[in-house]
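**Q** Take a look at the following structure, please.
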Amino acid sequence: MVTLLLDSSRLEVALSATERALSFRKDAVRVERTHIAKVQLVDDPWTWLRGVPTPGTVIPRTVAMGRWRSAGGDDFVLVRRRRPSVVIDLDGDPEFQRLVITTRHGLALVQALRLEADDEPVDVVELVTTEIPVQRPDAAADGPVRAPRRRTVRPAQA
């Protein structure tokens, strides 16, 4: 699974050794925050792929990793099966026009991009969980929570 690192100036998509091999990349994907035009959460990332993998690895509906070249520009794709993903449209980036990345932390990424980040790269999940307060219902005020009672069906006696 990819690791998304965010600081005050850029977003970094850190790749594992397997992801680097399948995507034919030697290092992480780095994008300046000022180049991020739009971020979308999608359920089916396969509909967002455009062009052909050059170079890259594709097993249809299973995995797609690498650079995808189309008439609109180059996209970086890291898609696994039919899992939730994030589509990041870029404006002015010299390497890519779009990033399509399967991650379970898409919502955290969207929230983190709205926050001011530090100069040091921080994992997106850590950034969001430390910056946004989570409100939890007060259990003492509501009293103990009980599970609903199960009804047992007894057979009729003759």
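Since every read-out is calculated from the coordinates, none of them should be taken as a lab result. All values reported here derive from a predicted model rather than from experimental measurement. Backbone-built Cβ (ideal geometry, glycine too); neighbour counts: all protein chains shown.
**Q** Spin-label point model (7 Å from Cα, Cβ direction): what's the Ser16 to Arg81 distance in nm?
**A** According to this spin-label approximation, the distance is 1.3 nm.
**Q** Quote to one decimal, in nm, the extra length available between Val39 and Met1 on full extension: 0.36 nm per residue of separation minus the C-alpha distance between them.
**A** Here the answer is 11.8 nm.
**Q** Test of the criteria: in the range 1-103, which chymotrypsin sites (Phe, Trp or Tyr not before Pro) are in a DSSP loop and have at most 14 other Cβ atoms within 10 angstrom of their Cβ?
**A** Filter output for the range 1-103: Phe24.
**Q** Here's a follow-up. Just to confirm a number: summing +1 for Lys and Arg and -1 for Asp and Glu over residues other than Arg69 whose beta-carbon lies under 14 angstrom from that of Arg69, what do you get?
**A** 0
**Q** What is the fewest-to-most order of Ser85, Ser70, Ser16, Ser23 by other Cβ atoms lying within 10 Å of their Cβ? Walk me through the numbers on the way to the answer.
**A** Numbers: Ser85 24, Ser70 14, Ser16 11, Ser23 21.
Lowest to highest Cβ neighbour count: Ser16, Ser70, Ser23, Ser85.
**Q** Over all alpha-carbon pairs in the range 3-133, figure out the percentage whose distance exceeds 21 Å.
**A** Within the range 3-133, distances greater than 21 Å cover 36 percent of Cα pairs.
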